[in-house]
Amino acid sequence: MFRLILRRLAISVAVLWLVTLLVFVATLLLPGDPARAILGQQATPERIAALNDQLGLDAPVWQRYLDWLGGVVTGDLGTSAASQGPVTELLGGRIGASLVLLVGAAVISTVLGLALGTWSALRRGRAVDHTVSGLSLVVAALPEFVIGVALIVVLSTTVLPVLPSVTLAPPGEPVWSRPSQLVLPILALTLVVTPYITRMMRATMSEVLDSGYVEMARLKGLPERVVITRHAVPHAIGPVAQVIAIQLAWLAGGVVVVEFLFRYPGIGQALIDAVNNRDVEVVQAITLLIAAVYIVVNLIADIVGIMTNPKLRAEVAR
Amino acid sequence: MSLDNHDTRFSRRKFLLGSAALAGAVPFLSACGGRSDAAAAPTGPPKRGGTLRVGVTGGGASDTLDPHSPVTNPDIARVRNLYEPLVYRDHDFEVSYLVAEKLEPSADARTWTATLREGVRFHDGRPVTPADVVATFRRVMDPDDPKSGATSLSMLEKVTTKGDRQVEFHLNEPSAVFADYLGQYSLGIVPADFDLENPVGTGPFRAASFTAGLQSRFVRNPHYWRPGRPYLDELVLINFTEDDARINALLASQVDAIDQVPVSLVEVLRSDERMRILSSETGTWLPFTMRVDRPPFDDVRVRQALRLVIDREQMINQVLAGQGRVGNDLYAPFDPAYASELPQRTRNIAEARRLLAEAGKSNLDIELVTAPIQAGAVEAAQVFQQQAKAAGVNVRLRRVDTTTFYGDNYLKWDFAQDFWYTRNYLPQAANGSLPDSPYNETHWDDPEFVRLVRTANRTSDTGERTRLLKQAQRIEHERGGLIVWGFVNQVDAHQVYVAGLVPDRTGLPLSGYSFGQVWLG
Amino acid sequence: MTATTTQSTLLRRAWALPQAKIGLALTVVVVGVAVLGPWVGPWLTGHDTTSFAGKPFQSGGIAGTDGLGRDVFTRFLSGGLTLLIYAVLATALGLVLGAVLGMLAGYSGGWLDSLIMRGSDVLLSFPQLVFALLAIAMIGPEGWLLVLVIGITHAPRVARVARQATVAVKDADFIRAARMYAMPRRRILLREVLPNITGPLMVELGLRLTYSIGYVASLSFLGLGIQPPTADWGLMINENRIALVVEPWGVLLPVLAIAVLTVGTNLITDSLASAAAGTSQSGKPQTAKEASA
């Protein structure tokens, strides 16, 4: 089993390396002159030459790649053309803000998804099951911004104006100091991923409930509550964990649209701004960051999968 | 759905009520300088004290307190309140004297003498001396690190002290309007030992704290030379990049005033009784720029046709929601020499078609480069595209981002747009209409025009200068490369209890960020 | 079992499910609006998509005006076609590319399999939208780029499914027989393998179409997809949301249309998935979209 995990780890590292290559090559496609873009209207030939030198743009491509990769590894992500400050500084506070959204949505959607899935599996074929399945099928189809706009219309502007639709981040104050403005973005992200977790939990739970194992527990005369909480749920969670992890990795991308919609000062909003300004170093840094999160979470999901796989567990025991 | 309808109706009724209240208020506002207003607006003599929080558009990590290189709106708002130049354009776009009390040219307009105002002190209490002024201009014109104020001072050769209250500006060519070049917010007077770590100036406020990209906090300057001012104890300037964040902050009373209200939302804010809209007629313009040295725009008939194709009233209505004035392909509307006698160009599709046919350019197909360089720019391009169809002109829009627009190809686009604040004629021509101008987007190089402008620059006699400038404008009006379809109103908003903000012609928001005159009711 | 019977059985089974009928009805309604709208709109309202009906954000007409004073209802009627075309093209590209790569990998095995699958791992480590943003940041918001980049990001996801399905059939008797007659690989893949993996590919088709609609609309909503002055649902939401309080229709109409369309295609996909799960007799209920991120 450990060899399997090591192998999986090695693949992840290799993929991550290829991703850095891809992100770097993408920037070579950019037409125009980065030094000129940074200097803007104040560009004189001397200053462009000086900046090219400073940025190492005269060096051969492979050396620029190595320099950039070295910077990434040591936490130096370059300079933002738009703000003229270091990228790390620009992203510093935003990463925390995005994490608040991600963790909030992850916790709520996991709990909600597991509960709804279990409930639905227990009432298979009944009205509750049909409602939950139907709703999750509908909600799962909707793009994030449709869910977000619907939430704004219902809870912020038109039907029940109770929550702010725009995030205000007064300087020096963290976003979570005004919890009310976190509600809608977290709710939007939660609605986006909960349906998948619910459906997977329902499917797995149904299988577990039909298994001999649960049958046995029931035959032993254990109360239904104990059968469910002690025997069925723990068995269902293993396979579902992987789906949850994949959904959470997905959140890392979905956060872009949701942050843009709610003007939430996280990395997603920064990515859109950077794309609009063609701020290459920032785009590079954020896509790399999101890809890394994606890879790591998927890695964890696979490791969880390997460890909870009874066949492989048995191998270790032997 | 019925709920939605209900709500819309409700807000529309609210809006009607709001605009009715304002209909009476607006003329009053402009007449009395906004000191009083209907309803709850403060009245009586200005009150001292309080903190004003202002949401300002833009800014970022490159924010600076440098008096001589402000770039973004927050930078400008800061330098306007920390520092003061010798002279400046006031709310009516007339020259007003700040650190100088007098500024006079010699007979040949090659030497200008400024007399410093008595009793003007820096934030630390030291009086302003001629040596400080000389040092200020040395800092601005530093050949190793010229500041943004230096670009328009190319004619300035030397600054010398004269006695203990006067400074002399020696020019390398005569300039009859040098006062205009000195009257810029980026030429604030600082002490000879100025240090950016301790940003001392003569402005109504002094810096207490500053975080780039976020906000700055200024406090009252007790040594300020205008008696009684400033009224506020404290001024907080907060950066906002997003329109709706800024507006929401105002609605939630997190700030007391904001600049740059999107014109389409003016009505929404008007419907709120706690808010006041401050709309200023300005000389700010958003022209289309045609390169006169590139086909098809090198044919004057094509330029004239495109100027006839545009429906200026419709531009004002659709792009600016009515918040602007029609332009006549001329800039500098507040210059005393503005050629208001020239006939207003209006839409004439038949004539445009005729000119195009004559030029052999029927079914013209052109590309217009646009970018969100200013609110309304991309929208104006879209409206123009639509209007041009009527004359059989196909306009393809090429929307680029602002960085690309002002990048390599800026000043090289064949057909694009640009954005200019209010200026008088000669400074504007020096910036954008002469072969050696830094931003001559249209590559305009008309020998007759150049001769007229250069002569006017040397002419001290106002009547004669006006005559020359009117001739120059006639040429631009007839064959220039700019389509000046209108002048954009500056629209800002503030809470009803904020007093002292008046309409301002310079194009800078919120009375030109003159918070020294603001008080809270 | 021949290809046509597999396919028709699958479709018949799917059609028997109620969600297929509801899904098709919803999809047809929105596709109808999108396809007919551009012709009907000007005739119905007297405006075209770029002409001016009044001042910005006023309530005249059926659904008021937008930020430039254009008629919202006309623009709504015309705003679906481009989105639909881009989404279909991107789906087709992703499906073809993914199916070819997946079948090649699954059928050939060995180094080709490894190369294709590791290559798709790299693409799979970006969320689809983020990869699209990376490409748009470099090249700019061009129509062909949207189709290309969304299609490319679909490909590895489709390839995984196609590969799995191919591996499952590649040792079947009829394929062994074909190999024995030295049929060229291309013909085996096209004639023998492809017809037998249509089930999973049909499910992928529906799934990728649903996602493509979402991605094209999302990118336009972010201002990085379809560009003004084109009338487009995603772009309209972006343009009009600032006036949501005063003139909500400019936002609500396109949001509703996109919602109904994606729900419709997803219901069809779900019915196809249920039907495919039934025919393959794997016994395990397949949920439409799990693990598809």
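Data overview
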{"item": "Size of electric dipole in chain B: Cβ of Lys, Arg +1 and of Asp, Glu -1, about Cα centre, debye, nearest 20", "result": "1080"}
{"item": "Two-site FRET efficiency, B:Ser154 against B:Leu342, from Cβ-Cβ distance with R₀ of 30 Å, rounded to 0.05", "result": "0.50"}
{"item": "Most to least packed among A:174-184, C:71-81 [average Cβ atoms within 10 Å]", "result": "C:71-81, A:174-184"}
{"item": "Net charge dipole size for the stretch B:84-194 [Lys, Arg +1 and Asp, Glu -1 on Cβ; Debye, nearest 20]", "result": "200"}
{"item": "Relative contact order (percent, whole number), the stretch B:405-521, Cα cutoff 8 Å, 6+ residue spacing", "result": "19"}
{"item": "Pairwise centroid distance, computed over Cα atoms, of the stretch C:1-73 with the stretch C:171-216, Å", "result": "32"}
{"item": "For B:Phe240, residues with placed amide H under 5 Å, excluding near neighbours", "result": "B:Val56, B:Thr57, B:Gly58"}
{"item": "Eligible aspartates and glutamates near B:Lys47 by straight Cα distance, threshold 14 Å, same-chain separation 8 or greater", "result": "B:Asp233, B:Glu234"}
{"item": "Separation of the B:Arg126 and C:Phe174 label points, Cα + 7 Å toward Cβ, nm", "result": "9.6"}
{"item": "Chain C, relative contact order [Cα under 8 Å, separation at least 6], %", "result": "26"}
{"item": "Peptides ranked, highest mean first, by Cβ atoms within 10 Å: ranges A:96-106, B:355-365", "result": "A:96-106, B:355-365"}
{"item": "Positive dipole terminus of the protein assembly as shown, leading residue within B:Asn81, A:Ala274, B:His123 (C-beta point charges)", "result": "A:Ala274"}
{"item": "Helix runs (DSSP H) in chain C reaching 30 Å along axis by Cα, Kyte-Doolittle at least 0.5", "result": "C:18-45, C:81-108, C:143-169, C:198-221, C:249-280"}
{"item": "Reachable aspartates and glutamates from C:Lys21, criterion Cα separation under 13 angstrom, eight or more residues apart if same chain", "result": "C:Asp270"}
{"item": "Å² per residue, accessible surface of the protein assembly as shown at 1.4 Å", "result": "40"}
{"item": "Radius ratio Rg over Rh of the stretch C:1-80, counting only Cα atoms, Kirkwood formula for Rh", "result": "1.31"}
{"item": "Pair A:Phe2, B:Lys47: separation of 7 Å Cα→Cβ label points (nm)", "result": "7.5"}
{"item": "Of B:Leu103, B:Tyr181, B:Phe194, farthest towards positive along the dipole that unit charges on Lys, Arg, Asp, Glu beta carbons give the stretch B:84-194", "result": "B:Phe194"}
{"item": "Solvent-accessible ranking of A:Tyr213, B:Tyr97, C:Tyr211, largest area first, probe 1.4 Å", "result": "A:Tyr213, B:Tyr97, C:Tyr211"}
{"item": "Shielding by other protein chains, A:127-136, mean Cβ within 10 Å", "result": "1"}
{"item": "Residues of the stretch B:271-296 with amide N under 19 Å of the 7 Å Cα→Cβ point at C:Gln58", "result": "B:271"}
{"item": "Highest-first arrangement of C:132-144, B:112-124, A:190-202, where packing means the average Cβ count within 10 Å", "result": "A:190-202, C:132-144, B:112-124"}
{"item": "Percent RCO, i.e. relative contact order, over chain B, from Cα pairs under 8 Å lying at least 6 residues apart", "result": "22"}
{"item": "Accessible area buried, both sides summed, chains C and A with 1.4 Å probe, Å²", "result": "4300"}
{"item": "For chain C, size of Cβ-based charge dipole, Lys and Arg +1, Asp and Glu -1, in debye", "result": "980"}
{"item": "Peptide C:263-275 - average C-beta neighbours from other chains (10 Å radius)", "result": "2"}
{"item": "Exercise: per-residue mean of other protein chain Cβ atoms within 10 Å, C:46-56", "result": "3"}
{"item": "Carbon and sulfur %, accessible surface of chain B computed with the full protein complex present, 1.4 Å", "result": "49"}
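The values are calculated or read from the model by the stated rules, or taken from the named source; none is laboratory data. This is a predicted model, so every value here is computed, not measured. All Cβ positions, glycine included, derive from the backbone under ideal geometry; neighbour counts span all protein chains shown. Note: areas computed on protein heavy atoms with side chains; ligands, DNA, RNA excluded. Shrake-Rupley method; radii C 1.70, N 1.55, O 1.52, S 1.80 Å.
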